[in-house]
Amino acid sequence: MRHLLRVGVAGLGTVGLAVLALVERQAASLKARAGREIAIAAIAAKERKERGRDLSAFQWFDEPAKLAASPDIDLFVELIGGADGAALSAVEAALSSGKSAVTANKALLAKHGMRLAELAERNGVALGFEGSVAGGIPVVKTLREDLAGNAISRVYGILNGTCNYILSRMEAEHLPFGVCLAEAQKLGYAEADPSFDIGGADTAHKLSILTALAFGTRVDPEAIAVEGIKDISLADIDAATELGFRIKLLGVAERTGAGIEQRVHPTMVPRSSAIAQVMGVANAVTIDADAVKELTLIGPGAGGEATASAVVGDIVAIARGLRTPPFGVPAAALKPLARAPIQMHEGGYYIRLSVYDRPGAAAAIAARMAERSISLESIVQRRPPGEYEKPAAVPVILITHATYEKLIREALAAVVGDGFLAEPPQLIRIERG
Ligand code: HSE
C-alpha cells in the first residue's frame, strides 16, 4: 500500500467543515478505495473562531498560500471562494510547488481556469473541480471521462440550487421572492453575496466550465448572455402554471450553425418535462450527444455535504494517481470559442404586457408581431382578479411560435413606442426540450 495522502484544506465554511467531517466519517472506505490512507493534515482559515467542532488535531495556517506550498501536505483543497485573491494565489502556490489541487470554486475556474489548467499540466499534477458545478452531481467527470466517445450538441440544466429553491417555493407556497431568498440563505445554499445566485453569474460560471468540457473550447464566461430571476413575479409564476409551463433558471450551451450559443436566463419549460420536475435545491444537467442520445443527471446542487461529496471524490481520484488534463484535452489544444450571438437565438417566447385598456391596443400589438412574421401560438387578455371597475391596465400574455430573438426585441421596442404599455414588457424564453 502506498503512503498516506496528507490533505490541506483552506476555507472552513459550510463546505470546508463538511469535507473534514466526510473524510473522518469515511476514513476506512476511502483507504480501501484509494489504496492508501487519506487524512486531513492541516487547515487554513481567516479567523480562529469557534466552528462547532474541535480543530486542534490539525496544523493551523493563517495564510492559505503558505498551507498550499507547505511540505507537510501532498494535496491542497481550496474552499475559500472568490475569483481572485487568496483562493487564486493559494491554488497557484499549490500547483507551482508540484501539488495537485482540488477546488469547488466556479468563479475561480471561470476566470482563471485556462491558466490554472496549463499550470497543472506543466507541473504534471491534477486540478480537480467536480464540486464547482452542480454540487454533488458528478457532471465534470461524466463529460470528461465517460462521454469521451460522444459528439455533444447541447448541454443545459438547472445549475443554481438557490434559484431553483426560490422559484419552487414561490410557486408552491405563493411566497414573495425576498422571503424565499432569505430561506435559501439560512439553509446555506446561497453564495456569500447572493446577487451572484439571483443575477445568474453563478450559473454562468458553471455553464462556462461545462461548455469547455462538452465542446473542447476555451472557458469563456464573457461569451454568455446572462439574465437572472429577480424580475420574475408571482404573476409570471401563475401564468406559467395556467399555460402548462414551469419557470426554471437554465444555463444552456448549444452548438448552432453560427457557433456555440451560451445563455443563462429564466426559462419556461413544459410542465410535463423531466426538468420541470426538479424542485427545491436540486440541480439537473441534460446532455444531448450522438451516441448516448439524451442523458440527464439530477441531484443536490448546493449545500455542504453534497459539495463535499464531489470534493472527496476528486481527492480519491488524485490519491489513486489520476492525472488527466483538467478539461479533458490539454489546455493548449482547447479551441477558441466561436460565439453565436443571442440575437440569433431561435425559439418560442412568453411575453407578459401590462396594456392600457384602450380600443386598438391588442390589434396594434398583434400587428407589430405580424410585421416581423412572428406567429402567435396564443394571446390571452384578462381582467386582473378582484377588479370590478374598468382597470387602467390589463395583463396580456402572448406565447409565440419559434422566431428569432432579434425580431422579438424589435417587435417589443415597437410596441413600447406605440404607447399602450403601463409597464416595461416581461419576456421569458421557452425551451421545449
Ligand atoms: N450558491 C450555489 C447554488 C452553491 O445555490 O447553487 C453551489 O454552487
Checklist entry - What number of residues within region 273-292 are at pLDDT below 95 and open to solvent by 20 Å² or more (accessible area, probe 1.4 Å)? => result 3
Checklist entry - Condition test on residue 76, is it over 19 Å from residue 128 (Cα atoms) and among the aromatic types (Phe, Trp, Tyr)? => result no
Item to check | Subset of region 177-236 (residues that are among the basic types (Lys, Arg) and modelled with pLDDT of 95 or more) | outcome: 206, 218
Checklist entry - Does region 334-344 hold any residues that are farther than 29 Å from residue 144 by Cα and buried (at least 19 other Cβ atoms within 10 Å of the Cβ), and which are they? => result none
Next on the checklist: Looking only at residues that are without any contact (Cβ under 8 Å) to a residue 40 or more places away in the chain and in a helix (DSSP H, G or I) in region 185-200, which one is farthest from the ligand (Cβ to nearest atom)?
Outcome noted: 186
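Per-residue answers, yes or no, for (1) within 17 Å of residue 303 (Cα to Cα); (2) in contact (Cβ under 8 Å) with a residue 60 or more places away in the chain:
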{"position": "122", "(1), (2)": "no, no"}
{"position": "125", "(1), (2)": "no, yes"}
{"position": "130", "(1), (2)": "yes, yes"}
{"position": "135", "(1), (2)": "yes, yes"}
{"position": "139", "(1), (2)": "yes, yes"}
{"position": "157", "(1), (2)": "no, yes"}
{"position": "161", "(1), (2)": "yes, yes"}
{"position": "164", "(1), (2)": "yes, yes"}
{"position": "174", "(1), (2)": "no, yes"}
Checklist entry - If you scan region 145-163, which residues turn out to be more than 16 Å from the ligand (Cβ to nearest atom) and assigned to a helix (DSSP H, G or I)? => result 145, 146
Checklist entry - Quick one: residue 427 ticks every box in (1) more than 27 Å from residue 251 (Cβ to Cβ); (2) open to solvent by less than 40 Å² (accessible area, probe 1.4 Å); (3) not polar (S, T, N, Q) bar one, so which box is it? => result (1)
Checklist entry - With (1) open to solvent by 10 Å² or more (accessible area, probe 1.4 Å); (2) within 16 Å of the ligand (Cβ to nearest atom); (3) not assigned by TED's automatic domain parsing to the domain that holds residue 200 as the list, and residue 113 as the residue in question, which single condition is left unmet? => result (1)
Checklist entry - Going by the conditions given, is residue 153 hydroxyl-bearing (Ser, Thr, Tyr) and open to solvent by less than 20 Å² (accessible area, probe 1.4 Å)? => result no
Item to check | Residue identified as assigned to a helix (DSSP H, G or I), away from the ligand (no atom under 15 Å from the Cβ) and surrounded by fewer than 17 Cβ atoms within 10 Å (Cβ to Cβ) among 172, 239, 182 | outcome: 172
Checklist entry - Can you name every residue in region 30-75 that is open to solvent by less than 30 Å² (accessible area, probe 1.4 Å), in contact (Cβ under 8 Å) with a residue 60 or more places away in the chain and not in a loop (DSSP other than H, G, I, E, B)? => result 30, 34, 38, 68, 75
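The values are calculated or read from the model by the stated rules, or taken from the named source; none is laboratory data. A quick note: this is a predicted structure, and the numbers were derived from the prediction, not measured. Neighbour counts are summed over all protein chains in view; Cβ atoms, including those assigned to glycine, are modelled from backbone coordinates with ideal geometry. Ligands, DNA and RNA are excluded from the accessible area calculation, which covers all protein heavy atoms including side chains. Shrake-Rupley method; radii C 1.70, N 1.55, O 1.52, S 1.80 Å.
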